[in-house]
Every structure is written in C-alpha cells, then in structure tokens.
Amino acid sequence: MRTLREQPAVRGADGARRTGTGPAADPDGLPAADVPWSEELQGRTVVVKCGGSTLEDPALRRSFAQDVVELWQAGLDPVVVHGGGPQISSMLDRLALEVRFEAGMRVTTPEAMDVVRMVLTGQVQRDLVGAINAHGPFAVGMSGEDAHTLTAVRRPARVDGRTVDIGLVGDIVGVDPDTVRNLLAGGRIPVVSPVARGDDGQVYNVNADLAASALAVALGADRLVMLTDVPGLYADWPRSTEVVARLTALELETLLPGLAGGMLPKMEGCLRAVRSGVGRVHVLDGRTPHAVLRGVLTEENPGTTVLPDDAPADGVNTG
C-alpha cells in the first residue's frame with residue numbers, strides 16, 4: 001500500500017480536487033510519509049470531535065491541526081466539532097461562578113451559559129481555527145447557532161434514579177447541515193462550537209460528543225472520531241484498565257448503563273451515530289500525537305472502534 005506522500009495531489013490550493021504532483025513537503029514535518037493512503041475514503045466526510053483537554057496543550061493542538069489538514073489534503077472532507085470544558089471551568093473560577101457536573105454534564109445556569117458562549121466561540125475556537133490556518137486558508141469557525149445548524153431542547157437528567165436540574169443543557173433534536181455542506185463544497189474545513197438554539201428562543205450548552213454525533217449523522221459521515229483523555233473504553237473500569245478494542249452497537253448498548261462521568265455521553269453519542277448510518281466510530285486518546293490521522297487511515301489504531309450491528313463478526317473484539 002502506498003502512503004500519502006506517494007499519491008498524486010487530490011486538492012489544489014483553492015480546495016478543488018485534482019490530480020498532479022504530490023503534496024509539497026510540509027515544514028512542520030507531518031507524519032504522512034508513513035501513513036497508508038485510502039482510496040476508499042476519497043470524498044468521504046469525517047467528523048472529528050476534539051475535547052478542550054487536548055486543545056489546552058499547544059503542542060497537541062498543533063498536532064491535531066496538522067492531522068486535520070492532512071486529511072483534507074488527502075481528499076477527505078473533515079469537519080471539526082470542539083469542546084472546551086477545562087477552559088470554561090477556568091473562566092467560571094475566575095468569575096467566582098459555580099463549577100458542577102451531574103450525569104456527566106455541566107450544570108449550566110444562565111450566567112454560566114454566557115461564559116460557555118464566550119469561551120467556546122471567542123477563545124477555544126479562535127485558537128483552533130488559527131492552528132489549522134497556519135497551514136493555509138482552510139478553517140472557518142461557526143457555532144451551532146449559526147443558520148440554525150443545531151436545534152436543541154432542554155435535556156433532562158437523572159442521577160441514582162432521581163431527576164436533577166442541570167440548567168441550560170440541550171439535547172439536539174434537529175440539524176440543518178446546509179451551511180456545513182456549503183463550506184465543504186467550497187474547500188473549507190468547518191470548525192463548529194457545540195452551542196445550539198431552541199425553538200423557545202433559548203440558547204443551550206450541548207455536550208460536544210453528542211453534537212458531533214448528531215452532525216455526523218446529518219452529514220452522512222463515513223467516520224466519526226472522538227478524542228478523549230483516556231486510551232479508550234475500559235472493559236471493566238475501575239477494576240481493570242483493559243481497553244475494549246472493537247464492539248458492535250448492540251454490545252455498547254449493553255454496556256451503556258454501567259458507564260459514568262464524561263464517558264457516558266461520549267459512548268451515547270457513539271451509539272446514536274452507528275445506529276443512524278455512520279460507518280464506524282473511533283474513540284481515541286487525544287494525548288497521543290497524530291492520533292486522528294492514524295486512527296482514520298489505518299486499521300491498527302489504538303483505542304475503541306464502534307461498529308454497526310451488521311459488521312462482520314470477525315471484526316469485533318471485546319477482549
């Protein structure tokens with residue numbers, strides 16, 4: 001199998017797909033020289049969710065941005081959905097506002113919602129767009145509020161059988177992907193903040209994992225990549241750190257009630273995605289440099305892969 005650097009160029013500077021000489025050498029030393037090139041994925045949409053913990057580290061942010069640009073240059077259509085939890089918590093602390101989580105979700109008061117919007121679209125997104133655009137005029141930032149891309153309703157939550165109020169946290173009930181599709185058609189890389197509007201006029205804080213899942217479904221994405229700060233889905237946490245390599249949607253559905261914390265909405269998003277037509281979901285350790293590039297283009301990537309229920313039996317390994 002040839003590698004990316006050995007393939008003809010599939011994108012020009014204007015974003016159009018074309019053939020010709022291979023991509024120019026990148027001064028940042030991207031890892032494409034030893035990553036297999038996949039003709040099967042040409043023209044396919046890949047939604048990548050990047051958490052705020054990865055984006056906090058400038059080196060990992062640069063590595064992530066490089067991976068996204070490499071996917072774009074290889075002829076795929078990457079869409080980025082980002083979180084910003086640590087950055088939001090830091091700003092809430094500075095403003096002496098409460099930081100609290102229930103059922104894996106941030107409790108979002110009206111005051112906290114103002115901070116969420118400010119930090120996600122005014123800080124985290126700007127840093128990420130800047131990192132991608134260090135390689136060329138690729139990335140365009142937008143919020144789920146823009147052009148009514150994401151529509152949400154207030155999300156209920158239950159902890160230990162009781163209903164808890166988590167404030168202005170939304171569950172997505174509608175996606176209009178036209179703006180994102182138009183950006184992709186223009187050769188751009190959309191970078192989306194997980195803030196959504198409601199038909200009630202309210203603005204909601206949406207979990208980035210669930211936002212990425214909903215957008216991947218609406219776009220008919222071939223792949224969804226979830227970056228996290230652990231190696232993958234643990235088979236028997238906290239008794240074991242063994243990672244589940246592969247599992248089907250049905251197997252994940254069985255495990256879901258036993259999950260807690262931030263892994264619960266993440267795996268809920270994975271389940272929704274593969275049950276709604278996304279080809280497969282990769283849950284990868286975002287602390288590993290170039291995890292996205294290798295996770296999308298190779299089959300030997302570490303982490304957890306969630307497959308549809310009709311996936312071949314020999315492709316599933318829960319051990």
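Data overview
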{"item": "Neighbourhood net charge (10 Å Cβ-Cβ; Lys/Arg +1, Asp/Glu -1) for LEU55", "result": "-2"}
{"item": "Under the Karplus curve 6.51 cos²θ - 1.76 cosθ + 1.60, θ = phi - 60°, whole-Hz ³J(HN,Hα) for region 41-49, x wherever Gly or Pro sits", "result": "8, 4, x, 8, 8, 10, 9, 10, 9"}
{"item": "Lys/Arg +1, Asp/Glu -1 at C-beta; region 105-169 dipole; positive extreme among THR151, MET113, ASN133", "result": "THR151"}
{"item": "Full-stretch length increase - GLU251, ASP114 - with 0.36 nm per residue and alpha-carbon distance subtracted", "result": "45.5 nm"}
{"item": "Relative contact order (percent, whole number), region 45-104, Cα cutoff 8 Å, 6+ residue spacing", "result": "44 percent"}
{"item": "Charge dipole (debye, nearest 20) of region 179-319; +1 at Cβ of Lys and Arg, -1 at Cβ of Asp and Glu", "result": "480 debye"}
{"item": "Stretchable slack from VAL99 to ALA147, in nm (0.36 nm times residue separation minus alpha-carbon distance)", "result": "14.3 nm"}
{"item": "Positive-end residue of LEU219, PRO194, ASN205, charge dipole of region 179-235 with Cβ unit charges", "result": "LEU219"}
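No lab work stands behind these numbers, since they all come straight from the coordinates. These numbers were taken from a predicted model, which means no experiment stands behind them. Quick reminder, even Gly has a Cβ in these numbers, built from the backbone with ideal geometry, and neighbours come from all protein chains shown.
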